[in-house]
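Okay, so here's the structure we're looking at.
The values are calculated or read from the model by the stated rules, or taken from the named source; none is laboratory data. Not measured: the values here are computed from a predicted model. Positions of Cβ are backbone-derived with ideal geometry, glycine not excepted, and every protein chain shown enters the neighbour counts.
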Amino acid sequence: MENPLTPTRPSSWWQLFWSFFKIGALTFGGGYAMIPVIQHELIERKRWISSEEFVELLAIAQTSPGPISLNTGVFVGYKLRGIPGALFSLLGTVLPSFIIILLIAVFFSDYARYPLVESAFKGMRPAVVALIAAPVYNMLKGQGYAKIVLAGAVAVTIGFLGVSPMWFLLAGAAGGIAYGILRKDKSATDQTDELT
């Protein structure tokens with residue numbers, strides 16, 4: 001019997017396409033608003049990746065050029081089904097937006113200036129903020145007090161002082177590499193001590 005917590009793998013590229021198509025079609029508010037939907041679909045519903053893998057893929061997607069939702073789809077698709085999986089995930093993410101924008105451009109462009117349409121978009125803003133806040137909360141769970149304080153300090157520095165997030169990403173990568181090297185050296189030293 002399969003462990004319900006063990007990640008599985010999509011049986012076809014079309015499963016990837018359809019999952020990301022649904023995510024793309026049902027998510028409003030931009031790339032960050034898609035993250036909790038992607039998280040729910042891939043981790044909780046489909047069990048294709050673990051929470052830890054999702055956080056790692058999200059970090060890679062964030063540091064790569066382009067929209068985070070597309071990058072996340074590409075990296076998840078690649079991890080699960082290689083290059084074809086990346087392409088099918090990308091198409092699934094992009095196609096709904098393309099179709100919707102095309103329809104709006106053809107049929108509804110004159111309606112954008114109507115007060116009712118403007119009010120609807122203003123009314124969606126709090127929901128978009130909540131959609132962005134939800135994955136932040138989920139990613140911070142279990143991180144420990146020091147990491148949460150550090151994440152808050154970085155967010156405040158970026159938000160209020162206008163420092164580019166790229167500097168923090170580079171510093172985080174350098175710190176992670178240094179920590180990994182130190183940890184590896186300590187592990188090697190501990191093993192040497194055990195042998196003597």
Note: among S164, S109, just one is modelled with pLDDT of 85 or more, out of contact with any Leu (no Cβ under 6 Å at 6 or more places or on another chain) and among the hydroxyl-bearing types (S, T, Y), namely S164
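Quick check on this structure: which one of L58, L91 is closer than 23 Å to L169 by Cβ, in contact (Cβ under 8 Å) with a residue 40 or more places away in the chain and aliphatic (A, V, I, L, M)?
Working: L91 fails: closer than 23 Å to L169 by Cβ.
The conditions single out L58.
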For V76, state whether it is farther than 26 Å from W18 by Cα and assigned to a helix (DSSP H, G or I).
no
Is there a residue being within 17 Å of I35 (Cβ to Cβ) and either loosely packed, with under 10 Cβ neighbours inside 10 Å or without any contact (Cβ under 8 Å) to a residue 24 or more places away in the chain (or both) anywhere in the range 150-158?
yes
Of the residues in the range 38-58, those that are farther than 11 Å from M139 by Cα and part of a helix (DSSP H, G or I) come to I38, H40, E41, L42, I43, E44, R45, E53, L57
Would you confirm whether or not the range 92-113 contains a residue that is over 15 Å from F17 (Cα atoms) and not in a helix (DSSP H, G or I)? yes
Those residues of the range 99-138 which are of a type in the set (G, A, S) and surrounded by fewer than 15 Cβ atoms within 10 Å (Cβ to Cβ) amount to A105, S109, A112, S119, A120, G123, A127, A130, A133
Exactly one of L16, L42, L70 is buried (at least 20 other Cβ atoms within 10 Å of the Cβ), touching a helix residue (DSSP H, G or I) at 6+ places or on another chain (Cβ under 9 Å) and farther than 25 Å from M124 by Cβ, and that one is L16
In the range 83-98, residues that are surrounded by fewer than 17 Cβ atoms within 10 Å (Cβ to Cβ) and either under 23 Å from S11 (Cβ atoms) or at pLDDT 90 or above (or both) total 3
When (1) more than 19 Å from L95 (Cα to Cα); (2) exposed (fewer than 14 other Cβ atoms within 10 Å of the Cβ); (3) at pLDDT 85 or above are applied to T8, the one that fails is (3)
